[in-house]
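> Here it is: the structure, laid out below.
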Amino acid sequence: MVEPLLAGLPAPGRHWTLLMPYAEELLTSNKRYPHWSVEHRIRKRLRADSTSLIKSMDVPRLQHAAIYYVLHPRKLNRSRDPGNWASTAKAYVDGLVTPNPALPRLRHLLPDDDHEHLLGPYPPMGAPVETGLARMSLVIVELHGPLTNENGETVTGTGTSSYRS
């Protein structure tokens with residue numbers, strides 16, 4: 001499963017797969033919460049889950065990486081749009097990069113989750129789970145070299161950075 005993901009990356013290196021725990025609720029773009037505090041509680045739990053997993057896996061600090069979030073849905077006979085779970089992936093990535101929201105300058109996996117250090121997260125679809133609730137895997141791929149060139153153009157060539165003059 002990981003080899004096709006690596007093929008499209010610039011200078012891939014080592015990679016790690018984190019199988020996230022089953023969650024009572026994942027954040028989706030289709031879900032509307034009755035109050036902002038409900039979504040905040042879920043996001044906080046997702047961040048904590050990813051922080052605890054990456055610490056136990058002893059993943060080193062990286063300068064550049066690509067992250068894929070692989071959705072493993074419940075086994076239902078309908079089409080799925082893994083992009084709907086981008087909010088969950090964002091919470092997981094935030095937990096990987098900034099393990100303690102009270103200390104935003106303390107970083108773990110990457111110096112920042114901006115376009116100069118991180119490609120993605122990208123949403124390939126995974127195999128359905130046989131039992132239980134949906135879950136997600138995060139595939140972290142070390143990249144060698146900067147993600148933008150000296151002119152601020154992205155490595156994918158999709159445009160120029162608005163952050164540089």
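Where a number appears in this text, it was derived from the coordinates with a stated rule and is not lab data. This one's a predicted model, so the numbers in the text were calculated from it and none came from an experiment. Positions of Cβ are backbone-derived with ideal geometry, glycine not excepted, and every protein chain shown enters the neighbour counts.
> Between Arg78 and Tyr22, what length comes free when the chain is fully extended (0.36 nm per residue of separation minus the Cα-Cα distance, one decimal in nm)?
On the way: separation 56, 0.36 × 56 = 20.16 nm, distance 2.08 nm.
Here the answer is 18.1 nm.
> Next up: Roughly what would the spin-label model give for Ser29 and Leu133, points 7 Å off Cα along C-beta, in nm?
According to this spin-label approximation, the distance is 2.2 nm.
> Still on this model: Would you mind checking the tilt of helix 86-97 against the longest principal axis of the Cα atoms of the chain, expressed as 0 to 90 degrees and rounded to 10?
Around 60 degrees separate the two axes.
> First measure r as the distance between the Cβ atoms of Trp36 and Asp112, then evaluate 1/(1 + (r/R0)^6) with R0 = 22 Å and state the FRET efficiency to the nearest 0.05.
Working: r = 25 Å, r/R0 = 1.15.
Working from the Cβ atoms, E equals 0.30.
> Would you report the distance distribution of C-alpha pairs in the chain as whole percents per 5 angstrom bin, up to the bin with the largest distance?
Binned Cα distances yield the sequence 1, 8, 17, 20, 20, 16, 11, 5, 2, 0, 0.
> Can you return the lysines within cross-link range of Lys55? Criterion is Cα-Cα under 26 Å, with same-chain partners fewer than 8 residues away left out.
Within reach: Lys44, Lys90.
> So what are the radius of gyration and Dmax for the Cα set of the range 98-150, in Å?
15.2, 49
> For the chain, modelled as a Gaussian network with Cα springs under 10 Å, which listed residue fluctuates most, Tyr33, Tyr68, Tyr22?
In the Gaussian network model the winner is Tyr33.
> Give me His35, His72, His108, His115 sorted ascending by neighbouring Cβ count inside 10 Å, so fewest comes first.
Working: His35 8, His72 21, His108 18, His115 15.
Sorted ascending by nearby Cβ count, the order is His35, His115, His108, His72.
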